[in-house]
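*Asks:* Next up is a structure, given as structure tokens.
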Amino acid sequence: MEKKTTAEAKAAAPLCLDLTTKSSLEVIRSAYDDLGKVLGTAGASVPANIDELRRPLDCAVLNYLSESMPNPKCQTAMGVFVEGGPLYSGAFIQKRRLMSRLLCAIYAASVAYSAAPL
């Protein structure tokens, strides 16, 4: 088996929307605003997230962003997620942190997201 160099591995990596950068978060926020306008014009409401695992709102925003991107489109999104509640009373530090990459697969003009650990 031939070993790839770092440069080759980076070139083969899919395009990634990095949710840890301010500029990416601004793009996602703008997509949320635009999606709200589009759905409002159509008489539909923006979906709501149910909990940390079932997040129709987040999926709708990322789907809308993906559909509105020029080619080549991002194929993954990477972010840091905190969960589990405060580490101690009054803390903003959470009990658990998870860095994950969301893999996007296009199925008949829609995008499905599934979490995959890095």
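*Asks:* Given H placed 1.01 Å from N in the peptide plane, which residues other than close sequence neighbours of residue 55 have an amide H under 5 Å from its amide H?
*Replies:* 50
*Asks:* Given labels modelled 7 Å from the Cα in the Cβ direction, how far is it in nm from residue 22 to residue 87?
*Replies:* About 2.5 nm, to one decimal.
*Asks:* May I ask you to compute the full-extension gain from residue 96 to residue 51, defined as 0.36 nm times their residue separation minus their alpha-carbon distance, rounded to one decimal in nm? Write down the numbers at each step before the final one.
*Replies:* Details: separation 45, 0.36 × 45 = 16.20 nm, distance 1.61 nm.
Working it through step by step, the gained length comes to 14.6 nm.
*Asks:* Restricting attention to region 42-98, which trypsin sites (Lys or Arg not before Pro) occupy a DSSP loop and are surrounded by at most 12 other Cβ atoms within 10 Å? Provide the component values of the computation, followed by the final result.
*Replies:* Numbers: sites: 54, 73, 95, 96, 97; in loops: 54, 73.
Answer in residue order: 54.
*Asks:* Once phi is turned into ³J(HN,Hα) by the Karplus curve 6.51 cos²θ - 1.76 cosθ + 1.60 with θ = phi - 60°, what whole-Hz value does each residue of region 18-30 show in order, with x for glycine and proline?
*Replies:* With coefficients 6.51, -1.76 and 1.60, one gets 8, 6, 9, 10, 4, 5, 5, 5, 5, 5, 5, 4, 5 Hz.
Since every read-out is calculated from the coordinates, none of them should be taken as a lab result. It should be emphasised that the depicted structure is a prediction, and the values quoted were computed from it without experimental measurement. For neighbour counting, all protein chains shown are included, and Cβ atoms are generated from backbone atoms with ideal geometry for every residue, glycine included.
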